[in-house]
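A quick write-up on the structure given underneath.
What follows draws every value from the coordinates through simple rules; no lab data is involved. What you see is a predicted model, and the numbers here were worked out from it, not measured in a lab. As a convention, Cβ positions derive from the backbone with ideal geometry for all residues, glycine included, and neighbour counts pool all protein chains shown.
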Ligand code: NAD
């Protein structure tokens, strides 16, 4: 078999110890790897590279496409950018895949049957970091979700399920509240599910879904989620397995991929030879499956399972009564190598298939462009006069536009309709949304003319948001109480 080029970073803290151990096992099992090493992390930060990596490291990453990364230390202090975020964004690693598996009876857990894979969208949602302070009192973050981005991650989850012989994919959203963004994600999920009749599907609202996951994780198989929910859920799920230190994170893009343990660089135990290499080793197993060396991945994973089943444990998972022998990193490494070719007897035997899943994920559905009509505008203003009386504001704005072709439909405060006939009990902040609509399509020039009236009347316009219809369907949500 031809060797696959990979980039390796030994990282900081316990990184070098566990990377050395993991590579020793992978190579002993027959992994065909051409390893090129880069230095990233603490030393690079301290040399003044604010994103923790130099140009050469970046070139190697781009060339090799597959990155096996030990944990790094982000020095405390301002101005350092996370290497992970930089790599994830720059290499287009859109999918974060985290298998969360219990290893009972080898390792204690409250959920012995748990075997869930979290597939998290990794590039969109609230993580664009587009934030503004708009008024004295109000701050905003934009939640941007795209149809192609959602389609890609959902199809990835289904392809992953099929390739790994999993039976069900569940989507979590909050589309009862966010009908546009999460609503679109849910809609895409329903649409793409039709292409996979062999796989069961379900959708849950993220809050109840999380509660169920915490209570009965064995009812889930693969869960696909938008970025923020996925960020939270993947940590919850890892913790529930009872062995967060063994967790694996695969970051997958169309061309590039990065594999790592979910724990950090553990500076408190660095250099003592006692760190558990399992998280990083299992990340190596995921990497081998990704590069088409499924057989070797299987050999390593089964030998590792046999080792922990035999009660050979590093200090972090050692329990009197359950464990047999407390070992160092090097002893654990040798114990796994001794068991290569063996299978676990109590734990489930692993089998992987060399099924490339990215080809299917790359093709997006052809969608005709929808007819887009501009039918109104939301004008957001800061206003803090007249005791913040919604009626007083409403009358002023109505007078302002009485000759305009746009009609004032309503004013909302924190999303709640406060004019006309609004609720008066709620607290009003200094941030108001004035919605103007027209029964027929309007032009941008008409919006500018409307804004000029606001300016002439000395209103502070914070921003505007156009109201569009797509093929006759509103592309905006209604105000609460509208
Ligand atoms: P940590 O995961 O490094 O350590 C938390 C606790 O778990 C410590 O007590 C540690 O000794 C123990 N632990 C972690 N991994 C272990 C292992 N393999 N074997 C045995 N014990 C282990 O989290 P932290 O202390 O919050 O972070 C330390 C540093 O790691 C920080 O600089 C942080 O920024 C960085 N970090 C890096 C990554 C990454 O590179 N992906 C992820 C998380 C944290």
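By per-residue mean of other Cβ atoms within 10 Å, what is the highest-first order of 302-310, 413-421? Don't jump to the answer; show the numbers that get you there.
Details: 302-310: 22.9, 413-421: 17.3.
Ranking, from highest mean packing down: 302-310, 413-421.
If the stretch 191-331 were replaced by its equivalent ellipsoid, with semi-axes equal to the square roots of 5 times the Cα gyration tensor eigenvalues, what would those be, largest first, whole Å?
Ellipsoid semi-axes (Å, largest first): 30, 20, 16.
Ranked highest first by average number of other Cβ atoms within 10 Å, how do 281-293, 153-165 line up? Walk me through the numbers on the way to the answer.
Working: 281-293: 23.6, 153-165: 21.5.
Ranked from most to least packed, the peptides come out as 281-293, 153-165.
Once you wrap a convex hull around the alpha carbon atoms of the stretch 115-240, what is its projected area averaged over all directions, in nm²? Mind showing how you got there, number by number?
Details: hull surface 33.0 nm².
Result: 8.2 nm².
How big is Rg to Rh over the stretch 23-135, alpha-carbon atoms, Rh as the Kirkwood inverse-mean-distance radius?
Numbers: Rg = 18.4 Å, Rh = 17.5 Å.
My calculation puts Rg/Rh at 1.05.
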Fully extended contour minus Cα-Cα distance, from residue 62 to residue 202, at 0.36 nm per residue: 46.7 nm
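Can you sort 185, 67, 476, 380 from fewest to most other Cβ atoms within 10 Å of each residue's own Cβ? Provide the component values of the computation, followed by the final result.
Values: 185 29, 67 23, 476 16, 380 19.
Fewest-to-most ranking of 185, 67, 476, 380: 476, 380, 67, 185.
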If you restrict to DSSP beta bridges whose two residues both lie in the chain, what percentage is antiparallel, to the nearest 5? 60
So for the pair residue 470, residue 215, with labels modelled 7 Å out along Cα→Cβ, what separation do we get in nm? 3.6
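Tell me, what is the percent relative contact order of the stretch 115-240, built from C-alpha pairs under 8 Å that lie six or more residues apart?
On the way: 207 pairs, mean separation 49.3, N = 126.
Relative contact order for the stretch 115-240 comes out at 39 percent.
At R0 = 45 Å, how high is the FRET efficiency between residue 144 and residue 324 if r is their beta carbon distance? Nearest 0.05 is fine.
0.30
Could you please rank 88, 392, placing first whichever residue has the fewest other Cβ atoms within 10 Å of its Cβ? Could the numbers behind the result be given before it?
Details: 88 20, 392 14.
Fewest to most other Cβ atoms nearby, the residues stand as 392, 88.
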Using alpha carbons only, how many degrees (0 to 90, rounded to 10) separate the axis of helix 147-163 from the longest principal axis of the chain? 30
Post the alpha-carbon centroid distance, the stretch 54-120 to the stretch 340-378, in whole angstrom. 18
Compactness check, the chain: C-alpha Rg relative to the 2.2 N^0.38 Å globular estimate gives 1.17
By Cβ neighbour count within 10 Å, fewest first, 456, 108, 12 rank 456, 108, 12
Estimated distance in nm for a label pair at residue 460 and residue 244, the labels positioned 7 Å out from Cα along Cα-to-Cβ: 4.2
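Cα-Cα pairs above 19 Å in the stretch 372-474: how many percent?
Details: 2086 of 5253 pairs.
The calculated P(r) of the stretch 372-474 puts 40 percent of pairs beyond 19 Å.
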